[in-house]
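**Q** Quick one: this structure, given as C-alpha cells, is what I'll be asking you about.
Where a number appears in this text, it was derived from the coordinates with a stated rule and is not lab data. Values in this document were obtained by computation on a predicted structure and should not be read as measured data.
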Amino acid sequence: MPPPNPTHRFFVESALWHSSLGNLDLTLKALQRVAQINGKQKEGAKLSVELLQMSLQKHQAQPSMLQMLRSPALRQLFFCITPLWFVLLFSLYGVVMSLQSFEINIYLAQVFFTIVDPPFYFLGFLATKSLGRKRTQTASVLLSGVFIVTCAMIPLDRIFLRITMAVIGKGCLIGSMNCLFMYMGELYPTVMRQRGVNVTNCLANIGSILSPLVGMTSDLYPSLPLFIYGGVLVAACPITAPLPETLGLPLPNTLQDLERRWKEKSGQKQQEQQMVPLQSS
C-alpha cells in the first residue's frame, strides 16, 4: 500500500472531472466549495443533485468531428485557423533551416535565432492584452512576412543586414504562433476544444513537412526560398478577417454559443455597413 500523499488535501479534483465520471455528489461538494471560496454561499446552497442532473442531460451530447463540417460557424472557424497555422509552421521551419544561406557561423546564427524568442513572447503577450487577439495575430503575421521578404531582397554580401531582418522576422513568427495557440483555445467551444486543436495541429504539421522541399529551390536562386516563406505569410493575412475578437469575452461552451457569437459578429458588421452615410454625387 503506497504511503499517503500529504498534498492531496490542497489539490482536489475539479467539479468537471467528477461530473464526467458521474459522481454528482462529489460534483455538488466541489461546486459548493468554490461558491464558499468566492463568497457566494447563497448561490451554492441553491445547488442540488437534481439541478446538476438536469444540466448534464442538457449538455451531455458530445459533438463528433463530423459536426465540424455541418456547423457553419465551426466550419468557417476550422477553415480559417488550419491554413493560418499551416503557413506559420511552414515558414518557421523554412527560415530556421535556411541558416546556412547566411554565410556565417551556423552556431552563431542559431544563437541569434534563439535569443530573440523570449522578448517577442513577452511583446506578443502585451499586444494580445492591449490590442486584442485578432489585431495582434494579423499584425504579427504581416510583419513577419515583410521582414522575411525584405531579407530575401537584400544582396547576399550584406550579411549583417540580412541576418537582422531574418531574426526579426523569426521573432514575429514566434509571437504570432504564441498568439494563435491562445486564440485557438478561445475560439473552439469547450465541448470539442481539445479535439479541434489536435486536428488543426495534425493537419497544419503538413506545412513543416513541405518546408524542406521549398528549400531545394535555392539551386535556382539563392533567396527564392525566403521569398516563398515570406510571401505566403503576407498572403495569409486576410485569413484572420472572418475571425471574431475574443478579448474579454467568456469562452464558448457549446456549438450554440459559438454560432451565437458568429451571428452577433455578422449582425454587427451589417449594422456598421448600414450606418455609413450616403454621399451625394
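**Q** Over the Cα atoms of the range 13-53, Rg to Rh with Kirkwood Rh, two decimal places?
**A** So for the range 13-53, dividing Rg by the Kirkwood Rh gives 0.96.
**Q** Multiply the residue separation of Leu126 and Val96 by 0.36 nm, subtract the distance between their alpha-carbon atoms, and state the gained length in nm to one decimal.
**A** Roughly 8.3 nm would be gained on extension.
**Q** Then there's this: Stokes-Einstein D for the range 124-231 at 20 °C, 1.002 mPa s, Kirkwood Rh over Cα pairs, in µm²/s?
**A** 139
**Q** When all alpha-carbon pairs of the range 69-248 are counted, what percent fall beyond 20 Å?
**A** I get 52 percent for the Cα pairs in the range 69-248 exceeding 20 Å.
**Q** Remind me, relative contact order of the range 75-224 in percent, using alpha carbon pairs under 8 angstrom and six or more residues apart?
**A** 42 percent.
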